Amino acid sequence: MTALEITKSNSETTKSSSEITKGNSKAASREKWNWKPHKLTDVEKDKIKKFFMGSREKEGFLKQFVVYALLICIGFIYLYPILYMFSSSLMTLDDLLDTSINWIPSSFNFKNYAQAGSSMNFWPVLGLSIIIAGIPTLLNVLSCSIVGYGLARFEFPGKKIMMGIIIFTFILPSQVTMIPTYVLYSNLKILSTLWAFIVPSLLAQGINASIFILIFYQFFKQVPKVLIEAAQIDGAGYFKSFVRISLPSAAPAILTVFLFSFVWYWNNSYLTRMYVSGVMTQSKWTTLVVQLQKFATNFSTYAQTEASGATTLNESISMAGTMLSILPILLMYFVLQRYFVESIDRVGITGE
């Protein structure tokens, strides 16, 4: 075989091998583009469905995502004003004028709280605020629980009419009865005294008492009648059955009424100034919220005193006074909210 024939043979061999390689690559690419996805089994589909949609034992991812997103949005709406007040209350006057400082002050100025507290006479007024809000709240809880129990457990003529009147007084604006109430308190000689809050609360007519009566009415309706009947068979009267059986089971209602009533008495400055603090004649009774309304006047008086060292009134000092007025309520909530949630979780009795 000549050299030329050998060269032709090698070239043909190389050509055939390249064609084979090219054919293999085409087949591989064809297999690649013709790839079929893995078909999910019924078990895998069920797992994916349970993960997103949930089951009876566990909530799904989509529901949890929606719930937490709503909670975060709603929580931000409520927390933003408090965070803004707290941040502004620690700023100096230079920080307020500096547009580059929005949230974190350059230095924490706690003198704002000292000046605001001194101008509001914080500690004595705090004691008066607790008395003004606390005593009517306790009386509200006692009287509304008795009225709610009577409506829930006893049948008497005119019961439905009385329930309708209670609901009507709840939707009736307080401004409608304000002037007649003021005239009544004036005739009873209880204006500018704490009795203006004590007497209505003792008669289940305190601030928003109608809704508290309805809350107790609903809770006492859930107490099984067989428990009351068993106590009566053992010799317990109506009052003892109420104190020993019904009242302990209404612990969530008691705590709910106490918290709402205390907050409403604490924040209600208009009725406090009209009935307790006094409009025509000023009494010693005042609250932090009332002092906050007169904050500018009180601070001016405080700044004029000798050796007060007070600066001019600015937004930081005003925010510090606002934080001081709501600080006791925030602390009370943080202490009691755990017991409130636990008491709600323990309620599982159905009426018969």
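Nothing in this text is a laboratory measurement; each read-out follows from the coordinates by a stated rule. As the structure is a computational prediction, the values presented were derived from the model and not from experiment. As a convention, Cβ positions derive from the backbone with ideal geometry for all residues, glycine included, and neighbour counts pool all protein chains shown.
Residues 51, 154, ranked from the fewest to the most other C-beta atoms within 10 Å, line up as 154, 51. A straight chain from residue 336 to residue 225 at 0.36 nm per residue would run longer than the Cα-Cα distance by 36.9 nm. Enter the Cα centre distance for the pair segment 80-112 and segment 244-259, rounded to the nearest angstrom. What the calculation gives is 42 Å, centre to centre.
A dipole drawn for segment 98-242 from +1 and -1 charges on Cβ atoms has a positive end, and of 104, 204, 136 the residue lying farthest that way is 204.
Residue-wise HN-Hα couplings along segment 108-118, as the Karplus relation 6.51 cos²θ - 1.76 cosθ + 1.60 with θ = phi - 60° gives them from phi, are 7, 9, 7, 5, 4, 5, 5, 5, 5, x, 5 Hz; Gly and Pro carry x. With both labels modelled 7 Å from their Cα along Cα-to-Cβ, the residue 76 to residue 56 distance reads 3.8 nm. Charge dipole (Cα centre; +1 on Lys/Arg Cβ, -1 on Asp/Glu Cβ; no other charges) of segment 41-174 amounts to roughly 680 debye.
Given R0 = 35 Å, the distance between the Cβ atoms of residue 283 and residue 314 translates into a calculated FRET efficiency of 0.65. With the highest mean first, a sort of the peptides 138-146, 159-167 on other beta-carbon atoms found within 10 angstrom per residue produces 138-146, 159-167. Kindly state, to the nearest 0.05, the FRET efficiency for residue 114 paired with residue 187, given R0 = 45 Å and r defined as their beta-carbon distance. Computed FRET efficiency for residue 114 and residue 187: 0.50. Annotation: amide H-H contacts under 5 Å for residue 54 (H modelled 1.01 Å from N, sequence separation of 5 or more, or interchain): 60, 61.
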